Amino acid sequence: MSSAVSAAGRSTARYGGVQGGRRVTVRDIAAAKERGERWPMLTAYDALTARVFDEAGIPVLLVGDSAGMVVYGHDSTLPVSVDDLLPLTAAVVRGTRRAMVVADLPFGSYQASPEQALATAARFVKESGAHAVKLEGGHRVLAQIEALVSAGVPVMGHVGLTPQSVNVFGGFRVQGRGEAGERLLADAKALEGAGAFAVVLECVPADLAGRVTETLGIPTIGIGAGPDCDAQVLVWQDMAGLSAPPLPKFVKQYADLAGVLTDATRTFAEEVVAGSYPDPDHSYR
């Protein structure tokens, strides 16, 4: 998508025709699909990094239940609770001016019934200011999506490798090969029919993701799903080189933030030990 950079060096990127003083909406995302424009999405979990991504022009930020691993130190997304994600979502909303902020609904917070899903989504909208929510699954969550959309909550779907079902899959494995591809395509079409405004395709073969993208009228968001999706999303710590290896095959690191932070930390420590910090320029007179 096109973008412009202000004299101050901060992005005034336009996504879906949006520039400046308003939030990106589901209508903007739909319009981008109609124009054949691709767009980026990143995760965010705090106000400072959310502000950076917002100013860089990222149109959609996901407060993912991946916070379970990259924020809280768990080995999966399963332990994350609504109370864990609410303050993170609120921080991301406060740190942004134009990005649409989507909140993941954690495991166990929506599967029981449409009523449970609506109660959980209402908390994210009312207490954190989220603009949309995301939930995992295909046909099994159609009633939940219909209830949320009917109540005025935009919903992003998620099929393929759904991390909340990792114990069923027997690990983090590619989904949708062979006959399973037809079931995944049917799930994605059903999500669109239920009212989802977009769908994440995680760890599915690239040719299948291309078929889904061509079939659906709503945007597809790929993560390990090849180049033909309408958008691409990464966990920001993976993208910036902060996460420790091993990393999934689909992750491209665009910086070595771990190296930069390590060097800065060691230099700070050495200067403290040597007595060269703080110097007169960093002391009050």
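Please treat every number below as a calculation from the coordinates, not as lab data. Keep in mind the model is a prediction, meaning the values are calculated, not measured. Cβ atoms come from the backbone with ideal geometry, glycine included; neighbour counts cover every protein chain shown.
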Item to check | Rounded to the nearest 20 debye, dipole of the chain from Cβ charges on Lys, Arg, Asp, Glu | outcome: 720 debye
Next on the checklist: Using 0.36 nm times the number of residues separating Ser76 and Arg23, minus their current alpha carbon distance, what extension gain do you get?
Outcome noted: 15.9 nm
Checklist outcome for this item: With DSSP loop assignment and no more than 12 other C-beta atoms within 10 Å, the chymotrypsin sites (Phe, Trp or Tyr not before Pro) in segment 219-285 are Tyr254, Tyr284
Next on the checklist: 7 Å from Cα along Cα→Cβ at both Phe250 and Thr215: what's the point-to-point distance in nm?
Outcome noted: 1.7 nm
Next on the checklist: For Lys189, give me every one of the aspartates and glutamates with a C-alpha distance below 12 angstrom, ignoring sequence neighbours fewer than eight places off in its own chain.
Outcome noted: Glu214
Item to check | For segment 205-285, convex hull volume per residue from C-alpha positions, Å³ | outcome: 112 Å³
Item to check | Loop sites in segment 51-98: trypsin sites (Lys or Arg not before Pro), DSSP, at most 15 other Cβ within 10 Å | outcome: Arg97
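Quick one: grab the alpha carbon gyration tensor of segment 26-254, order the square roots of its eigenvalues as a ≥ b ≥ c, and give me rounded if a/c is under 1.5, else prolate or oblate depending on whether a/b is larger than b/c.
Verdict is rounded for segment 26-254.
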Item to check | Integer Hz, Karplus 6.51/-1.76/1.60 couplings in order for segment 93-110, x for Gly and Pro | outcome: 4, 5, x, 10, 10, 10, 6, 6, 9, 10, 10, 5, 8, x, 4, x, 9, 8
Checklist outcome for this item: segment 34-107 and segment 175-248 have their Cα centres apart by a whole-number Å value of 18 Å
Checklist entry - Taking springs between alpha-carbon atoms closer than 10 angstrom, which of Lys33, Lys126, Lys189 fluctuates most in the Gaussian network model of the chain? => result Lys126
Next on the checklist: Mean-square fluctuation check for the chain, GNM, Cα pairs under 10 Å: which of Leu191, Leu208, Leu61 is largest?
Outcome noted: Leu208
Item to check | Fraction of the pair-distance distribution of segment 19-125 above 24 Å, Cα-Cα pairs, percent | outcome: 29 percent
Checklist entry - For the chain, modelled as a GNM with alpha-carbon contacts under 10 angstrom, which of Thr43, Thr213, Thr262 fluctuates the most? => result Thr262
Item to check | Amide H contacts under 5 Å for Gly157, placed H, 5+ residues apart | outcome: Phe197, Ala198, Val199, Val200
